[in-house]
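Okay, so here's the structure we're looking at.
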Amino acid sequence: MFKRKRLDEISWDEYSSLTQEEQAPFLVQNNGRPYHVLLAQQFDRESLDNLCDLATRIRRIAKSKAGMGFLSSLLDHKRAMLYFHQPSSRTFLSFYSACLILGIRVAELRDPSISSEQKGETMEDSVRVFSSYFDMIIMRNPVQGFVDKCAWMLSNTDRPLPIINAGPGKDQHPTQALLDIYTLQRSFEKCGGLEHKNVLFCGDLKRGRTVRSLSRLLTFYPDITQTFAAPDELQIGQDILDYLDAHGIQYTVTHDFKGAIPEADAVYMTRMQDEWDTKPGESARIRMEDYWFTGDDLKRLKPTGVIMHPLPRRHEIDTACDNDPRAVYWRQMRNGMWIRSALIATVFCRDSEINNYYMLNIK
Amino acid sequence: MFKRKRLDEISWDEYSSLTQEEQAPFLVQNNGRPYHVLLAQQFDRESLDNLCDLATRIRRIAKSKAGMGFLSSLLDHKRAMLYFHQPSSRTFLSFYSACLILGIRVAELRDPSISSEQKGETMEDSVRVFSSYFDMIIMRNPVQGFVDKCAWMLSNTDRPLPIINAGPGKDQHPTQALLDIYTLQRSFEKCGGLEHKNVLFCGDLKRGRTVRSLSRLLTFYPDITQTFAAPDELQIGQDILDYLDAHGIQYTVTHDFKGAIPEADAVYMTRMQDEWDTKPGESARIRMEDYWFTGDDLKRLKPTGVIMHPLPRRHEIDTACDNDPRAVYWRQMRNGMWIRSALIATVFCRDSEINNYYMLNIK
Amino acid sequence: MFKRKRLDEISWDEYSSLTQEEQAPFLVQNNGRPYHVLLAQQFDRESLDNLCDLATRIRRIAKSKAGMGFLSSLLDHKRAMLYFHQPSSRTFLSFYSACLILGIRVAELRDPSISSEQKGETMEDSVRVFSSYFDMIIMRNPVQGFVDKCAWMLSNTDRPLPIINAGPGKDQHPTQALLDIYTLQRSFEKCGGLEHKNVLFCGDLKRGRTVRSLSRLLTFYPDITQTFAAPDELQIGQDILDYLDAHGIQYTVTHDFKGAIPEADAVYMTRMQDEWDTKPGESARIRMEDYWFTGDDLKRLKPTGVIMHPLPRRHEIDTACDNDPRAVYWRQMRNGMWIRSALIATVFCRDSEINNYYMLNIK
């Protein structure tokens, strides 16, 4: 775990000029648990394992009314604000449900136009005002670096509170990376765990944040090989490949998606990210049909293989696959709720209490 | 009660080509209670009586803090989503309050534009994703058949959950029919019950869903006569009259609203449904003044009579009537909250528990 | 305290033609506690002291999980509606949090366009319908007198419920006045209390409601002097000065803001209210720099002095002041949440229960 550095002992200019790896130690608590959750890089193998284990325990505890009663008593004295400047119903509802599971009382601000920011206030002032009513802010904001700035600012007041980044525009979306890891971990828990597996990424690998974050996090797990299947224009960035090289990870870059399927333990599909097009129609000109997962491809997929997708999808996965047991993309969404519950419980240091309850009542 | 048929053993094409009466058995649980709530036709006399009795018990239990504590402990381990693609504050707030009474934790999605559907996802995918966070979806959607499609789809996944239709465009609005029945039942509980009464419908009977649903449901009650007062252009459809004939119900079709008032036990007023006009100004040309209920009409109404209206109203009922004890349209709204509470409790099979509490603590 | 007059024994025309001072007795309960909260004038010294004491007790009780458990059990059988026709995130979230603290279950209607008012219903009808689902309505509406009209209307039905004015356009914003008084009281509780202090108001004193309300309320406290620093075009209204004269209050009207700072115990800054401009650019032409509080001004301010601002701010207070311990404008926001909790608890007569808990467990 990281040794904590103090966010109230560094200026914003200094902090924001650090690399993400250098920023990570400023985001943890004295006890090593996350405080602000801003970066995928602030998690290591140990903390990922802890979160995944905790998510599974929460999920099992939640099966009974008594268990739900326990969970929803843990943080029923806390109030959280969901502050979404950017539309994302699925991420919003996932966090909202995670808060409800833990008993947190939630207020929301989804539409920036209904805010008193109209009266000429800076966004920083708005966040500081809103923070005065709550114990945590879960924020989605498209402005590069804004969520980090708010975390730094609040840590420099006499009433700091944790901020969770719910995924802005081109930036980090750390909890998406967590749910992907958790889905992989769950998918292989009965067949040897996540280690020694082959993960096949397919689609718009250049612009999809989720693939980039997940690819880095997978380097924590021994002997995972990665395959990147995409047309040249959308292939994974060289910075990621350099990172994999630096960590001694085996990978393949290919055009042959269909040929790679039989070797894959997990197929991670992504949609075209055409909202980042720099020229109109740029993406539409790229032929993608060979990078779609069809009903036929189910036959080529290992019996123990899984198909993942961060959703929303368009045509990348045929709906004929939707009810195949290896299509885990629906469960992946629900996993997002569980891992976010685990994360929030950990931020508020209630993880031990949940683990104790689990040992006494469930295991 | 209906004998259950399984929604996961019929294709969507087959199911959607059935009549509503034929669809009804697919919507109940093994124990006969409703699962999905999509159609007024899925209720019979026995289930209506059970729901009305339960609503009254919930209403009485809710009078004390202890009673509210009991009610809100019943389903506090459940999460519901209110998914409204079509604006309707009153229906929204009524369902929302019903959920709160039972302790259900509610998330809402009221504005479709703030959804990730923007990224090219199908609406079915959105619903399936959202369903992964919740235990029930209460849905209002203007697209013909969409709510039914979602219910069928979810019943064909490995994580089915109940869907309640909160009333789309031209389609069914089953819980409105329930609250009308409950209001009639409550209004006459001290003067012989709903049987043998005369119900006078007035206004835009051609296009108002609520009148059509209520008229059919009233055939369950012996010896209710129905009177339809409207200008020819807005008179009740022949299909409803055929239905009444087939069930041996006595009815009158008339232009003489004022003359019909003294005989009426319940006067059910409706507003002009001009949002369904096919030509501009079509409705505005119809002279409606003779079909308005005025302060003077209060004198002609029986002392035990009641005035109902599904609201919103325009000019159909003079505000001078608003505080007359026979004007039950405000209470009708509150009845909607109680009957929806009863319905949701029944879907989750907590009706017996409420009945037991009532017998022990209230009766 | 006021002797209660009954709102259901006076017509709307009579009531609305009364002065605000004459209206006040119609808004209290038999026991003297507020019922509807519509006017700053309905509070006197005794009720202000009670509310401030209660707010402080709630704040201290809320520090522990057990205390929060007590508070959130007080009104968990009640449902409130936040009905905001006018955007104001800070007031909305403050009330929302106050309700959550007391366990009240809250529904919200923030965007009037998603309402069934579209179908031609009057706003009065909408409010009466919505009222049927709730036990309290907290309303913000820009139409002059609308909130009062609703309070009167509901008190004339057989299901009255309290309405709290959350601050419309040019009208009253009574809970803002309460939070200002509470902030002053808290700020000086360790240095002799609010009495004998000098309050310096600065900025757009002509059009800011908060200054006008606070100036009047301060007349309840012996020997408070008031200073009004503003350019002529924005100086405090003569009606306020007449009111101060009538109550024997000492005041100063000045252009010299900077010169007044060293004498001030509290500096109350306000922003330009240019949304009330009658000609385009009217406000922009006024030179305001001399009425801004800068980092340098911190040196002139007494060590025990405080800087307040109702927020949002623009440039009136330099951000360099933000983390000075005398900058209480952030805490002022949080005080709003506490005093609103105290107010709502008092409306529902739970104040004694809170005071008892405090005496037994905290003091």
Helices (runs of 4 or more DSSP H) lying entirely in the range B:202-295 (those with 2 or more residues that are of a type outside the set (Asp, Glu), within 18 Å of the chain's Cα centre (by Cα) and closer than 20 Å to B:Ile307 by Cβ): B:209-217
Any hit, the range B:273-286, residues being crowded, with 20+ Cβ neighbours inside 10 Å and either out of contact with any Ser or Thr (no Cβ under 7 Å at 6 or more places or on another chain) or in contact (Cβ under 8 Å) with a residue 40 or more places away in the chain (or both): no
Criterion (surrounded by fewer than 19 Cβ atoms within 10 Å (Cβ to Cβ), more than 30 Å from C:Asp135 (Cβ to Cβ), outside the structural domain of C:Asp49 (by TED's automatic domain parsing) and touching a helix residue (DSSP H, G or I) at 6+ places or on another chain (Cβ under 8 Å)) met by exactly one of C:Thr294, C:Thr319: C:Thr294
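Residue by residue, here is whether (1) outside the structural domain of A:Arg60 (by TED's automatic domain parsing); (2) of a type in the set (A, V, I, L, M, F, W, C); (3) more than 14 Å from A:Tyr83 (Cα to Cα) holds:
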site	(1), (2), (3)
A:Cys150	no, yes, no
A:Asn156	no, no, yes
A:Pro160	no, no, yes
A:Gly167	no, no, no
A:Asp180	yes, no, yes
A:Glu189	yes, no, yes
Test result for C:Ser341, within 14 Å of another protein chain (Cβ to nearest Cβ) and not in a helix (DSSP H, G or I): no
Yes/no for C:Arg350 being of a type in the set (D, E, K, R) and touching a Gly at 6+ places or on another chain (Cβ under 6 Å): no
Residues within the range B:150-171 that are farther than 19 Å from B:Arg33 by Cα and within 20 Å of the chain's Cα centre (by Cα), tallied: 6
Subset of the range B:317-338 that is free of Cβ contacts under 8 Å to residues at least 12 places away in the same chain and part of a helix (DSSP H, G or I) - its residue that is nearest to the other protein chains (Cβ to nearest Cβ): B:Arg334
Contacts under 6 angstrom Cβ, first residue in the range C:67-81 being under 17 Å from B:Arg105 (Cβ atoms) and more than 9 Å from chain A (Cβ to nearest Cβ), partner crowded, with 22+ Cβ neighbours inside 10 Å and charged (D, E, K, R), 6 or more apart: C:Arg79/C:Arg105
Residue match in the range B:160-177 (condition: aliphatic (A, V, I, L, M) and in a helix (DSSP H, G or I)): yes
Residue match in the range B:62-73 (condition: closer than 28 Å to B:Glu195 by Cβ and not in a loop (DSSP other than H, G, I, E, B)): no
Top-ranked residue in the range C:19-59 [being more than 14 Å from every other protein chain (Cβ to nearest Cβ) and of a type in the set (Lys, Arg); ranked as surrounded by the fewest Cβ atoms within 10 Å (Cβ to Cβ)]: C:Arg45
Members of the range C:5-27 that are touching a helix residue (DSSP H, G or I) at 6+ places or on another chain (Cβ under 6 Å) and not in a helix (DSSP H, G or I): C:Lys5
Number of positions in the range A:29-59 that are farther than 22 Å from A:Thr210 by Cβ and of a type in the set (D, E, K, R): 4
Residues being within 12 Å of chain A (Cβ to nearest Cβ) and at negative phi - total across the range C:298-316: 7
From B:Gly203, B:Gly208, B:Gly169, B:Gly192, residue being at pLDDT below 90, of a type outside the set (Val, Ile, Thr) and surrounded by 22 or more Cβ atoms within 10 Å (Cβ to Cβ): B:Gly208
In the range C:121-160, the residues that are aliphatic (A, V, I, L, M), buried (at least 21 other Cβ atoms within 10 Å of the Cβ) and free of Cβ contacts under 8 Å to residues at least 60 places away in the same chain: C:Val127, C:Val129, C:Ile137, C:Ile138, C:Met139, C:Leu154
The range B:90-122 - residue that is at pLDDT 75 or above, within 7 Å of another protein chain (Cβ to nearest Cβ) and in a helix (DSSP H, G or I) and, of those, farthest from the chain's Cα centre (by Cα): B:Leu100
Hits in the range C:209-268 (condition: of a type in the set (A, V, I, L, M) and without any contact (Cβ under 8 Å) to a residue 60 or more places away in the chain): C:Val211, C:Leu214, C:Leu218, C:Ile224, C:Leu234, C:Ile236, C:Ile240, C:Leu241, C:Leu244, C:Ala246, C:Ile249, C:Val253
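The values are calculated or read from the model by the stated rules, or taken from the named source; none is laboratory data. Small disclaimer: the values here were computed from a predicted structure and weren't measured. Neighbour counts are summed over all protein chains in view; Cβ atoms, including those assigned to glycine, are modelled from backbone coordinates with ideal geometry.
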